[in-house]
Amino acid sequence: MSYLNFDKALLVNLERSLQKEMIRTNRAGVYNATTLVDCNTRKYHGQLVMPLPEVGDDNYVLLSSLDETVIQHGAEFNLGLHKYGENTFAPNGHKYIREFECEVIAKTTYRVGAIILTKERLLVSGEPRVLIRYTLQEAGSPIQLRFRPFLAFRSVNTLAHENSLACADMDDCENGRVNRMYPNYPQLFMQFSRQITYAHEPRWYKNIEYQKEQERGYEYKEDLLVPGYFEVSMKKGDSVIFSAGTSEVNTKSLNNLWKQELKRRIVREDMFSCLKNAACQFYKREGDKCYLLAGYPWFKASAREEFFALPSCTLDIDRPEYWDAIMDKTAVDEVQRFMEGERDLKIRNMDEPDALLWFVRAIQKYAHKYTPKQAADKYAELCEQIITYYRKNNHPRAFVHQNGLVWTDGTRQPATWMNATENGYPITPRTGYIVEINALWYNAMRFTAELIRESGREMAADLMDYQAEICRDAFVKTFWNGLYLDDYVVDNYHNKEVRPNQIWAAGLPYSPLDKKQMKAVVDICTKELLTPRGLRTISPKSGDYRPVYIGGQLERDRNFHNGPVWPFTIAAYSRAYMSVYKHSGVSFMQRMLVGYEVEMSELCVGTLNELYDGNPPYKGHGGISYAPSVAAVISVLDTLKKFES
């Protein structure tokens, strides 16, 4: 049995199986996502979802679903599944599923009487194409396999409804048909590796419901166009590959294409291999550029998330070529252009006060993975430029005061990762001197001094160390309240809420705290914030504690950073904990990882969600696969490896 294996008992129970999702990407922004029983529960789900720059800035669902029907001796058994009303599902194809596993690729096994049929799917790397292979494992006599494509041709942020502009025409192509529902969209080629027949019977399937959107308070009913159906004859041992893409494929090459793509896949046999696979799915190539997406299904490349996750999603999983492609060939250029005043960048939110500090932190991890000398040779000059950029107050949203601390205005727009808003204003208005920004600032100065010293410029390094010490003294005087660190300080107001942001002051390689203070920070985070999924965003002792991420958009936004757990915090926590407790902390951190291993078979299988409820059972929410969450646990595994060796 594979590491990620789900049996009939779970799959036929829709209360459980509809909560479990899968996602596959092709490292070019294209993805395939649905539930384990192939019933779409989000408007973001689809068999072929892809960016279409010629249409707009969103991702677009072209092929929403592909329903299969097994026909034997005139009897039809439909394997599809859709929700049409409250607790109304049709045509209930999940009752035929015997197993779902995704050790290498997603594979579903159906049993209809004596017929055993398997369905496997994968995306073609770097090309907008999904391949689905059907194999008739057992059958007493030949069967017909019928396919109904459910077409959407819409943004992931909208829903389709029956309309007179949609084109249901299907033109011929090799072993298939091609459709373009709307003039501004590309053609969708639907082809098979074997000869097929096609029957043109256009029909709108109306009021298909997406329960996740309903739970989130959004529009949740959609109409999808089925232009007709394909049929192919099969006997025991036969396979047929279905291809859906925006260009025509030579159908004779589909079997070889399948084999080539299969060789590229990572076997998911434990938590690390699952996380490694998930990390690779965040890569997105655009021409000669490459980015690390913040997650799926709705995220773009965003500075803070990209720079936080990049080292673990490349270097820690032995993918240095993607570090080079993302950092050296793309991010370095965009950072330089940002400091020169350009704002129209592919990496979004570069102007956030801490974004460039996370960029320096990523380079620091590179130095730890290789050597400070290698890092200095490549990045010392740029890191020094970043420090100067802040110190000269050229940053549009961050200002260095005479005491050496960074000040930022977070009252009008969010200044940190706690960025939920209401009526355009921050729900958690962290402003003034903010604890993690200043911890990152101190760390960046000390690390940059290290690089400068490696470059042979001792006097310049000594000067930056001196400036960092001024910052360190002010940091302790400003944030340390005798027990832990205040979350932010503005004028004479000290926000004393116990939040996880203070853990970065203890978990960065250059900490402004002494050992006693570091231990106090680790201990209070352990006592009040730690859960099996990471650190809560605020202590349960707070009157603002709202641990469950439920309700409509406004309620969820109010809860977003006031109780739920964000797994990406575990990276700084583990580093701080191990710095304080050394080898005696290994077994504790190993036990902490159990909570993340559980999540490998929950929600979006093989990856980690954006956030989790702050109280048991710590249900996952938000983005179904989130780069900082995945990167953080990879970072913990890497940290433990160093202590275990």
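The number of residues in region 480-505 being small (Gly, Ala, Ser) and either open to solvent by less than 10 Å² (accessible area, probe 1.4 Å) or in a helix (DSSP H, G or I) (or both) comes to 1. Among the residues of region 329-344, are any modelled with pLDDT of 95 or more, within 23 Å of GLY623 (Cα to Cα) and not hydroxyl-bearing (Ser, Thr, Tyr)? The answer is no, given that none of the residues of region 329-344 is modelled with pLDDT of 95 or more, within 23 Å of GLY623 (Cα to Cα) and not hydroxyl-bearing (Ser, Thr, Tyr). Looking only at residues in region 288-328 that are under 13 Å from the mean Cα position of the chain (by Cα) and small (Gly, Ala, Ser), the one that is surrounded by the fewest Cβ atoms within 10 Å (Cβ to Cβ) is SER302.
Rundown of residues vs (1) of a type in the set (A, V, I, L, M, F, W, C); (2) touching a Pro at 6+ places or on another chain (Cβ under 9 Å); (3) surrounded by 20 or more Cβ atoms within 10 Å (Cβ to Cβ), yes/no style:
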{"site": "LYS95", "(1), (2), (3)": "no, no, no"}
{"site": "PHE100", "(1), (2), (3)": "yes, no, yes"}
{"site": "LYS119", "(1), (2), (3)": "no, no, yes"}
{"site": "LEU131", "(1), (2), (3)": "yes, no, yes"}
{"site": "THR135", "(1), (2), (3)": "no, no, no"}
{"site": "ALA139", "(1), (2), (3)": "yes, no, yes"}
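Looking only at residues of region 456-479 that are small (Gly, Ala, Ser) and more than 37 Å from the chain's Cα centre (by Cα), we find that the one that is farthest from PRO372 (Cα to Cα) is ALA460. Output the number of the condition that PRO429 fails; it satisfies all remaining conditions of (1) part of a loop (DSSP other than H, G, I, E, B); (2) surrounded by 15 or more Cβ atoms within 10 Å (Cβ to Cβ); (3) modelled with pLDDT of 95 or more. The one condition PRO429 does not meet is (3).
Taking the condition buried (at least 22 other Cβ atoms within 10 Å of the Cβ), closer than 22 Å to ALA362 by Cα, modelled with pLDDT of 95 or more and within 31 Å of the chain's Cα centre (by Cα), does ALA449 pass?
No; evaluated as a whole, the condition is false for this residue.
Of the candidates ARG343, ARG361, the single residue that is among the basic types (Lys, Arg), out of contact with any Ser or Thr (no Cβ under 9 Å at 6 or more places or on another chain), within 29 Å of PRO414 (Cα to Cα) and free of Cβ contacts under 8 Å to residues at least 12 places away in the same chain is ARG343.
Number of residues in region 292-311 that are closer than 21 Å to TYR44 by Cα and among the aromatic types (Phe, Trp, Tyr) equals 3.
Based on what the data block shows, is GLU436 in contact (Cβ under 8 Å) with a residue 40 or more places away in the chain, out of contact with any strand residue (DSSP E or B) (no Cβ under 6 Å at 6 or more places or on another chain) and open to solvent by 10 Å² or more (accessible area, probe 1.4 Å)?
no
Being open to solvent by 10 Å² or more (accessible area, probe 1.4 Å), out of contact with any helix residue (DSSP H, G or I) (no Cβ under 9 Å at 6 or more places or on another chain), of a type in the set (Gly, Ala, Ser) and in contact (Cβ under 8 Å) with a residue 40 or more places away in the chain is a property that holds for SER233.
Scanning region 132-158 for residues that are farther than 21 Å from GLY228 by Cβ and of a type in the set (A, V, I, L, M, F, W, C) turns up LEU136, ALA139, VAL156.
Of the helices (runs of 4 or more DSSP H) lying entirely inside region 529-621, those containing at least 3 residues that are without any contact (Cβ under 8 Å) to a residue 40 or more places away in the chain are 586-599. Restricting region 171-207 to residues that are part of a loop (DSSP other than H, G, I, E, B) and open to solvent by less than 50 Å² (accessible area, probe 1.4 Å) leaves a set whose member that is nearest to SER247 (Cα to Cα) is PRO186.
Restricting to region 70-92, and then to whatever is farther than 13 Å from VAL37 by Cα and part of a loop (DSSP other than H, G, I, E, B), can you tell me which residue is least open to solvent (accessible area, probe 1.4 Å)? Out of the qualifying residues, it is GLY74.
Cβ-Cβ contacts under 7 Å between residues 6 or more apart (or on different chains), taken from a first residue in region 3-21 that is within 21 Å of SER625 (Cα to Cα) to a second residue that is polar (S, T, N, Q) and assigned to a loop (DSSP other than H, G, I, E, B), are listed as LEU4/SER601; LEU18/THR41. Scanning region 27-64 for residues that are touching a His at 6+ places or on another chain (Cβ under 7 Å) and in contact (Cβ under 8 Å) with a residue 60 or more places away in the chain returns ALA33, VAL37.
Against the test of being within 19 Å of TYR218 (Cα to Cα) and of a type outside the set (S, T, N, Q), the options GLU15, GLU86 yield a single qualifying residue, GLU86. Of note, LYS477 does not satisfy the criterion of being open to solvent by 50 Å² or more (accessible area, probe 1.4 Å), in contact (Cβ under 8 Å) with a residue 40 or more places away in the chain and of a type outside the set (S, T, N, Q). When LEU529, LEU508 are checked against the criterion of being at pLDDT 95 or above, over 27 Å from GLY404 (Cβ atoms), buried (at least 22 other Cβ atoms within 10 Å of the Cβ) and not β-branched (Val, Ile, Thr), a single residue qualifies: LEU529. If the condition is being aliphatic (A, V, I, L, M), in a strand (DSSP E or B) and closer than 18 Å to GLY623 by Cα, then region 23-59 contributes ILE23, ALA33, VAL49, MET50. Applying a threshold of 9 Å to beta carbon distances and a minimum spacing of six or more residues, or different chains, the list of pairs starting in region 290-313 at a residue that is on the phi > 0 side of the Ramachandran plot and ending at one that is of a type in the set (Phe, Trp, Tyr) reads GLY295/PHE282; GLY295/TYR626. Is it true that some residue in region 398-421 is open to solvent by less than 40 Å² (accessible area, probe 1.4 Å) and aromatic (Phe, Trp, Tyr)? Yes, region 398-421 contains at least one residue that is open to solvent by less than 40 Å² (accessible area, probe 1.4 Å) and aromatic (Phe, Trp, Tyr).
The lone criterion from (1) part of a helix (DSSP H, G or I); (2) closer than 21 Å to PHE282 by Cβ left unmet by LYS346 is number (1). Screening SER574, SER579, SER587 for residues that are more than 14 Å from the chain's Cα centre (by Cα), hydroxyl-bearing (Ser, Thr, Tyr), open to solvent by 50 Å² or more (accessible area, probe 1.4 Å) and more than 30 Å from ALA106 (Cβ to Cβ) leaves exactly one candidate, SER587. Of all the numbered requirements in (1) open to solvent by 40 Å² or more (accessible area, probe 1.4 Å); (2) over 30 Å from SER247 (Cα atoms); (3) among the aliphatic types (A, V, I, L, M); (4) under 29 Å from the mean Cα position of the chain (by Cα), ALA114 misses one, and that requirement is (4).
The values are calculated or read from the model by the stated rules, or taken from the named source; none is laboratory data. Please read all numbers here as calculations on a predicted model, not as lab measurements. Because the Cβ atoms are built from the backbone with ideal geometry, glycine has one as well, and the counts that use them run over all protein chains shown. Side chains are part of the model used for accessible areas, which takes the heavy atoms of the whole protein and leaves out ligands, DNA and RNA. Shrake-Rupley method; radii C 1.70, N 1.55, O 1.52, S 1.80 Å.
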